[in-house]
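Just so it is clear, none of the values below were taken in a lab; they were calculated from the coordinates. Bear in mind that the values here come from a model prediction, so they are computed numbers and not experimental data. Cβ atoms come from the backbone with ideal geometry, glycine included; neighbour counts cover every protein chain shown.
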Amino acid sequence: LLQLFIPLGMLGIVYRQIKYALADMDLVFKLLEREPEIEDAPGAPALALRTGEVRFEHVDFHYQPERAILRDVDFTIPAGQTVAVVGHSGAGKSTLSRLLFRFYDPIGGRVLIDGQDIRAVSQDSLRAAIGIVPQDTVLFNESIYYNLAYGRPGASRAEIEQAAEMAHIRDFIESLPDGWETVVGERGLKLSGGEKQRVAIARTILKRPRILVFDEATSSLDSRTEQAIQQTLAEVAENHTTLVIAHRLSTVVEADRILVMEAGRIREQGTHQQLLAAGGQYAAMWELQQREGAQSS
Ligand code: ATP
């Protein structure tokens, strides 16, 4: 029934011309039922999740041996804190989230959660601990209720409504003529970029993961919607260990730590104020963005 195909090596990319729209990367892997490249170690125990500290320890990575993508990437996200990653397109930012979710293993170094090498624990337990708000949320051609409930099978109606409320999308849903039964997706109501992101946020709230990854959309939202989404993300990120893959600097100002990546290496790191004071690449990017912002407004 599912006419699914994906060339190996292009996993992580969501295809649209399939019978069901796919909701996130985890589901892509499930539906494909492909021979996983990454396998659990025999008898791998579940991740023993404690505070949710994430550590990249001297990580090297490439997709193809002739082209290094990450080089000696070393950082920690202390439990409950937010680390944002910025850098030019292709610097390797999204690759960090793929390694954390264990779509790939590092070539060198380790990725640790609460001190455990993620290669040594079961993938199910790893992925249950992490919620990803992806760049582009693809919706099922089903009711909006179904699309939210997917976040956690078995969630009650009250929990789903509450998640929608926290993601600031409940009023919108209830204002639709068919309310929660409105069919969305390619063949239903087309949601705007901002609304789709809110659906993704609501799903993640329902999942209640300890660790969050926000892969910010590259396509730009209007600045009011963008600010509103950022505010919602900040609320959700509170008390969670959070990795933000940022495409706009305005998103990262409040992060506990900002990593500036260039060609697969961390070139600078610090808080927004520290990086501005350092007068390096971040400061230059910030100034450029401020100027562009001033011109376009
Ligand atoms: P952007 O800001 O444009 O999203 P990014 O910093 O997140 O970029 P990544 O998606 O991490 O960049 O990609 C880093 C590099 O790895 C890019 O040059 C990209 O072309 C390459 N790359 C990404 N995925 C694959 C893959 N599956 N196979 C081969 N190369 C890949």
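In the distance distribution for the chain, Cα-Cα pairs more than 28 Å apart total 39 percent. When you filter the GluC sites (Glu not before Pro) in the stretch 91-194 for DSSP loop state and at most 15 other Cβ atoms inside 10 Å of their Cβ, you are left with Glu186.
Applying the criteria of a DSSP loop state and at most 12 other Cβ atoms within 10 Å to the GluC sites (Glu not before Pro) of the stretch 37-96 yields Glu37, Glu39, Glu66. Subtracting the Cα-Cα distance of Ala277 and Gln289 from their residue separation scaled by 0.36 nm leaves 2.7 nm. Here the Karplus curve 6.51 cos²θ - 1.76 cosθ + 1.60, taken at θ = phi - 60°, turns the phi angles of the stretch 76-89 into couplings of 10, 10, x, 3, x, 9, 10, 10, 10, 10, 10, x, 5, 4 Hz, with x standing for Gly and Pro. Given R0 = 30 Å, the distance between the Cβ atoms of Ala263 and Glu186 translates into a calculated FRET efficiency of 0.20. Compared with the alpha-carbon gap, the fully stretched path from Leu176 to Asp117 is longer by 16.6 nm at 0.36 nm per residue. The count of lysine pairs in the chain that are at least 8 places apart or cross chains, and whose C-alpha atoms lie under 19 Å apart, stands at 4. Remark: the stretch 111-192 projects, on average over all directions, an area of 7.0 nm² (convex hull of Cα atoms). For the stretch 174-264, what does the relative contact order come out to in percent, with C-alpha contacts under 8 Å and a separation of six or more? The value is 26 percent. For the stretch 78-125, the Kirkwood hydrodynamic radius comes to 12.2 Å, computed from all pairs of different C-alpha atoms.
Where both residues lie in the chain, what percent of DSSP beta bridges are antiparallel, nearest 5? Rounded to the nearest five, the antiparallel share is 50 percent.
Each 5 Å bin from 0 upward holds the following percent of the Cα-Cα pairs of the stretch 106-263: 2, 8, 17, 20, 19, 15, 10, 6, 3, 1, 0. Ranking of Asp136, Asp171 by neighbouring Cβ atoms within 10 Å, starting from the fewest: Asp171, Asp136. Each of the peptides 239-250, 107-118, 266-277 was scored by the mean count of other Cβ atoms within 10 Å over its residues; in descending order, highest first, they stand as 239-250, 107-118, 266-277. Over the chain, DSSP H runs of length four or greater, each weighted -39,500 (n - 2.57), average out per residue to a 222 nm ellipticity of -9500 deg cm²/dmol.
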